[in-house]
């Protein structure tokens, strides 16, 4: 009998104490272990994780080594190795609540047209964020949209009738705890094959490009599947101190803004006009004096986001 869930962890040089907590939480899931498998995708870590991490407690666990560095290649490897009907992706800092897997099965069985779902991703900070952190508007993979279920389908008929363009749902699932139905994942994996532009949208090593989650959701919506937010899916997202520094947040904002422009363009959505490459530097200089990044960490982070927007617009097709 096919298992109901493939739980997939993609990791590169993980922080051991965080990954230990992730795996400990999996051992406590109330979905019987016979109904799900565990895949640990070691994405070119410096140390071979199969010799470092014990998965022998799970009867259907596998260590899989993926030598091509990058979150997207690691996820695609997970798609291809998984055998279950539903895929659940847990990052190496995502501690799933005890009923996450059981609730996933119930939701997708009750909603056969949903291709991807997510839920609440609540923070556990290693150190308290600076008071200015919330003003940056960066989520760091955190999500709490309340206790109301929200779903979206890109219905072709209604789109034509209203004349409205397709919009990216504000409640669309994020990478933390992402759940994908097998049929929807297969469509995404097929469209990624040999597509260097889309493969470049994902994180690789220390690069903070982060368009791969958006690419997955847009592909699923285009294929006729729905996406949804379900508050009964809840996890704790472990946030290290290094991710709360001004420099890290600035790098993240620049990379994510740039990749947001790029991923929308891949899917034919272009709310911005292309700009000539030669204008990028003068635009950055003007933005420097507009944002005055020397005055505060928030101003610096926002200026870097504007720089990423200019870079993305200059690279539009």
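Remarks
- Shape call, region 248-314: gyration tensor on alpha carbons, a/c limit 1.5: oblate
- When the helices of the chain are scored as -39500 (n - 2.57) per DSSP H run of n ≥ 4 and the total is divided over every residue, the value at 222 nm lands at -11500 deg cm²/dmol.
- Most mobile listed residue (177, 115, 224) in the chain, GNM with C-alpha springs under 10 Å: 224
- Compared with the dominant principal axis of the Cα atoms in the chain, helix 297-314 is inclined by about 90°.
- Going from the fewest other Cβ atoms within 10 Å to the most, the residues 92, 213, 265 appear in the order 265, 92, 213.
- A simple spin-label model places the labels of residue 142 and residue 128 1.4 nm from each other, with each point 7 Å out along Cα-to-Cβ.
- By other beta-carbon atoms within 10 Å, ranking 154, 225 with the fewest at the front produces 154, 225.
- Taking only the C-alpha atoms of region 1-110, Rg followed by Dmax gives 13.2, 42 Å.
- Angle between the chain longest axis and helix 246-266 axis [Cα atoms, degrees, rounded to 10]: 90 degrees
- Highest-first arrangement of 234-240, 56-62, where packing means the average Cβ count within 10 Å: 234-240, 56-62
- Calculated FRET efficiency, residue 44 to residue 278, Cβ-Cβ distance, R0 = 45 Å: about 0.75 to the nearest 0.05.
- Computed log₁₀ I(q)/I(0) - Debye formula, equal Cα scatterers, no solvent, the chain, q 0.07, 0.12, 0.15 Å⁻¹: -0.28, -0.85, -1.32
- Inter-label distance, residue 193 to residue 223: 1.3 nm, where each label sits 7 Å from its Cα along the C-beta direction.
- Take the Cα of residue 270, go 7 Å toward its beta carbon, and the backbone nitrogen atoms of region 297-317 under 16 Å from that spot belong to 310-317.
- Rounded to 10°, Cα long-axis angle of helix 71-81 versus longest principal axis of the chain: 30 degrees
- DSSP finds beta bridges in the chain, and of those with both partners inside it, around 30 percent are antiparallel.
- Comparing Cα centroids, region 228-277 and region 1-56 end up 26 angstrom apart.
All of the numbers you see were taken from the coordinates with simple rules; none came from a lab. Every value quoted in this text rests on a predicted model; they were computed, and no experiment measured them. Cβ: placed from backbone, ideal geometry, glycine included. Neighbour counts: every protein chain shown.
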